[in-house]
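Structure first, commentary second.
The values are calculated or read from the model by the stated rules, or taken from the named source; none is laboratory data. Here the structure is a predicted model, which is why all the values come from computation and not from measurement. Reconstructed Cβ throughout: ideal geometry from the backbone, glycine too, with neighbour counts over all protein chains shown. Keep in mind that these areas ignore ligands, DNA and RNA; they rest on the heavy atoms of the full protein, side chains included. Shrake-Rupley method; radii C 1.70, N 1.55, O 1.52, S 1.80 Å.
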Amino acid sequence: QVHLVESGGGMARPGGSLRLSCTASSSIFSTYGLGWYHQGSGNYRAWIATITTGGITNVMNLLEGRFTISRDIAKNTIYLEMNNLQPEDTGVYFCNTVPFISDYWGQGTQVTVSS
């Protein structure tokens with residue numbers, strides 16, 4: 001059973017930074033890669049970044065240099081470090097397994113970038 005808890009969202013000004021966290025169960029964390037997804041004003045969730053069980057990372061080309069994905073194995077947690085935030089980064093951020101193994105989505109964490 002998939003259970004993921006996202007946190008760390010909030011308000012930021014353009015140019016600011018936030019770090020998001022996603023905590024998974026130990027079985028999920030050790031078995032599957034995990035990724036971050038962004039849902040803007042619509043219902044579509046766009047893939048942002050992935051970290052595999054081996055620690056290999058991949059970030060959407062347009063966000064490389066601003067966003068970084070990492071993990072803390074001891075805490076079963078992945079992170080999304082977001083720098084130089086822009087208004088278009090506003091939205092709800094979700095994490096999920098890679099590949100998807102169910103229809104599960106957590107509550108996500110809201111990020112609002114505004115001056």
Using protein chains only and a probe of 1.4 angstrom, how many square angstrom of His3 are accessible, to the nearest 10? 110 Å²
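So what is the relative contact order for the chain, in percent, with contacts set as C-alpha pairs under 8 Å and at least six apart? Working shown, then result.
Working: 280 pairs, mean separation 42.8, N = 115.
Computed over the chain, the figure is 37 percent.
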Theoretical ellipticity at 222 nm over the chain - DSSP helices of four or more residues, -39500 (n - 2.57) apiece, nearest 500: -1000 deg cm²/dmol
From the Cα centre of the stretch 1-72 to that of the stretch 79-115, the distance in Å is 6 Å
Measure off 7 Å from each Cα along the Cα-to-Cβ vector at Ile73 and His3, then give the distance between these two points in nanometres to one decimal. 2.4 nm
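First measure r as the distance between the Cβ atoms of Ser30 and Ser102, then evaluate 1/(1 + (r/R0)^6) with R0 = 22 Å and state the FRET efficiency to the nearest 0.05. Walk me through the intermediate numbers first.
Working: r = 17 Å, r/R0 = 0.78.
Step by step, r from the Cβ atoms, then E = 0.80.
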Out of the total accessible area of the stretch 1-80 (probe 1.4 Å, heavy atoms of protein only), what percent is carbon and sulfur? 50 percent
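Keeping all protein chains in place, calculate the accessible area per residue for the chain (probe 1.4 angstrom), answer in Å².
Numbers: 6100 Å² over 115 residues.
For the chain, the per-residue accessible area is 53 Å².
Computed FRET efficiency, Cβ-Cβ of Thr53 and Ser17, R0 35 Å: what is it to the nearest 0.05?
Numbers: r = 27 Å, r/R0 = 0.78.
Using R0 = 35 Å, I get an efficiency of 0.80.
Using the crude model of +1 on Lys and Arg Cβ and -1 on Asp and Glu Cβ, and no other charge, please compute the dipole size for the chain relative to its Cα centre, in debye to 20.
Charge dipole of the chain: 140 debye, to the nearest 20.
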